[in-house]
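Scroll down for the structure; my scribbles are underneath it.
The values are calculated or read from the model by the stated rules, or taken from the named source; none is laboratory data. Here the structure is a predicted model, which is why all the values come from computation and not from measurement. Note that each Cβ is placed from the backbone with ideal geometry, even for glycine, and that neighbours are counted across all protein chains shown.
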Amino acid sequence: MFVHIDKPEYDRGSGTTDIDELWSHLRRGDERALSELYCVSYAWLFSYGYRIVPQEAFVKDAMQDLFLILWEKRNRINKARSVRSYLRSALRRLIFRRMRKQNNRTRRNHDYGQEHDVELRNMEELIIGFELDEERKKRLALAIRTLSKRQKEAIHLKYYDGFSNTEIAKIMDINKQSVYNHVSKAISKMQNFVQE
């Protein structure tokens with residue numbers, strides 16, 4: 001998409017490409033103008049992106065995404081007072097958005113790992129606690145009956161359906177902390193009943 005052999009329709013005779021002219025042609029749907037704009041702005045745009053995040057592949061991917069977005073939205077792009085400033089700002093926003101996404105994904109994976117470990121330990125403790133004699137099983141059944149509907153739902157979603165706290169929060173339309181509170185209180189209540 002970005003490399004064309006034939007000469008664009010606009011004038012390049014002076015040896016310097018007018019970036020504003022390329023921008024104007026891009027807005028009118030000239031794919032060759034997009035290619036030329038990419039080539040003309042590559043060095044300084046890459047240098048700018050690399051100062052923000054010194055990861056060559058990351059910056060190159062962000063630049064490719066930027067120019068793909070420009071092409072997809074070419075009919076809605078306004079005339080820019082400074083094309084260079086526009087491209088820098090757009091690349092900067094895109095890089096930060098991608099970094100935020102990457103950080104969120106990393107954090108989610110990390111949080112899931114920690115949350116999963118805690119949940120497994122809690123579940124193991126719960127299962128060990130459930131290996132009870134008949135009397136304690138009766139107490140547990142009674143304890144479950146005393147749980148609120150929300151606590152029962154949270155326990156069921158967590159331990160029977162295997163959902164994470166985040167997923168349960170979405171299903172129950174409550175925040176993650178409330179899920180944790182419901183599950184924690186329910187387990188505490190059941191443990192108290194069983195230990196009596």
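Go through segment 160-188 and count every residue that is of a type in the set (Phe, Trp, Tyr) and either more than 27 Å from the chain's Cα centre (by Cα) or on the phi > 0 side of the Ramachandran plot (or both).
Taking segment 160-188 and keeping what is of a type in the set (Phe, Trp, Tyr), we get 160, 163, 180.
From what is left, the residues that are either more than 27 Å from the chain's Cα centre (by Cα) or on the phi > 0 side of the Ramachandran plot (or both) are 160.
Result for segment 160-188: 1.
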Those residues that are modelled with pLDDT under 85 and touching a helix residue (DSSP H, G or I) at 6+ places or on another chain (Cβ under 6 Å), I need them from segment 78-122; list them, please. Ala80
Report every pair of residues separated by at least 6 positions or lying on different chains whose Cβ atoms are under 6 Å apart, first residue within segment 171-192 and assigned by TED's automatic domain parsing to the domain that holds Lys149 and free of Cβ contacts under 8 Å to residues at least 12 places away in the same chain, second assigned to a helix (DSSP H, G or I) and among the β-branched types (Val, Ile, Thr). Lys176/Thr166
Condition set among the polar types (S, T, N, Q) and assigned to a loop (DSSP other than H, G, I, E, B), scope segment 72-92, selection nearest to Ser41 (Cα to Cα): answer is Ser82
